[in-house]
Amino acid sequence: MINLFFDYLLWPLLMVIAAISFLNSIMENKKSKIIISVILLLAAVVIMMLVYKKFDEGIFIQIYLFLFFLSIALVILALKKQEDWFTLIGIGLMLAMLVILLTFPLE
């Protein structure tokens with residue numbers, strides 16, 4: 001179970017946390033949190049790409065999990081902040097997940 005977390009869930013979760021804190025910071029105009037969340041997001045993306053470039057496996061699962069968690073987080077943020085755009089972006093991400101799933105089977 002711990003292996004599953006570190007193999008597949010760690011980097012998408014970190015990326016979603018950074019992306020949601022970035023969007024929340026933009027909405028609240030907190031510049032210090034914007035910088036921290038951008039640095040965390042970029043670090044998570046770079047580390048994920050380096051790790052899975054080496055192993056050449058699991059990158060589509062990582063992207064799929066990132067989009068899945070991000071769509072859920074955007075819907076929760078839309079309910080919290082009452083912004084309709086986040087709901088529309090979440091629906092768009094769900095459609096992107098469907099395209100990824102139909103194009104590249106996640107075996």
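Observations
- Leu13 being surrounded by 14 or more Cβ atoms within 10 Å (Cβ to Cβ) and either modelled with pLDDT of 75 or more or in a helix (DSSP H, G or I) (or both): yes
- The set of residues from the stretch 66-88 being open to solvent by 60 Å² or more (accessible area, probe 1.4 Å) and within 21 Å of Leu10 (Cβ to Cβ) comprises Phe68, Ile72, Ile76.
- Selection status of Tyr52, more than 15 Å from the chain's Cα centre (by Cα), hydroxyl-bearing (Ser, Thr, Tyr) and modelled with pLDDT under 80: yes
Residues are listed down the side, and each one gets a yes or a no for (1) among the charged types (D, E, K, R); (2) open to solvent by less than 40 Å² (accessible area, probe 1.4 Å); (3) at pLDDT 80 or above:
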{"site": "Ser21", "(1), (2), (3)": "no, no, yes"}
{"site": "Glu28", "(1), (2), (3)": "yes, no, yes"}
{"site": "Ile39", "(1), (2), (3)": "no, no, yes"}
{"site": "Leu42", "(1), (2), (3)": "no, no, yes"}
{"site": "Ile47", "(1), (2), (3)": "no, no, no"}
{"site": "Glu57", "(1), (2), (3)": "yes, no, no"}
{"site": "Leu95", "(1), (2), (3)": "no, no, yes"}
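- Whenever a residue of the stretch 55-70 is on the phi > 0 side of the Ramachandran plot and among the polar types (S, T, N, Q), it has no partner that is in a helix (DSSP H, G or I) and at pLDDT 80 or above lying with C-beta atoms less than 6 angstrom away and at least six residues away or across chains.
The values are calculated or read from the model by the stated rules, or taken from the named source; none is laboratory data. The structure displayed is predicted, hence computed values, not measured ones. Because the Cβ atoms are built from the backbone with ideal geometry, glycine has one as well, and the counts that use them run over all protein chains shown. Just the protein is used for accessible areas: all its heavy atoms, side chains included, with ligands, DNA and RNA removed. Shrake-Rupley method; radii C 1.70, N 1.55, O 1.52, S 1.80 Å.
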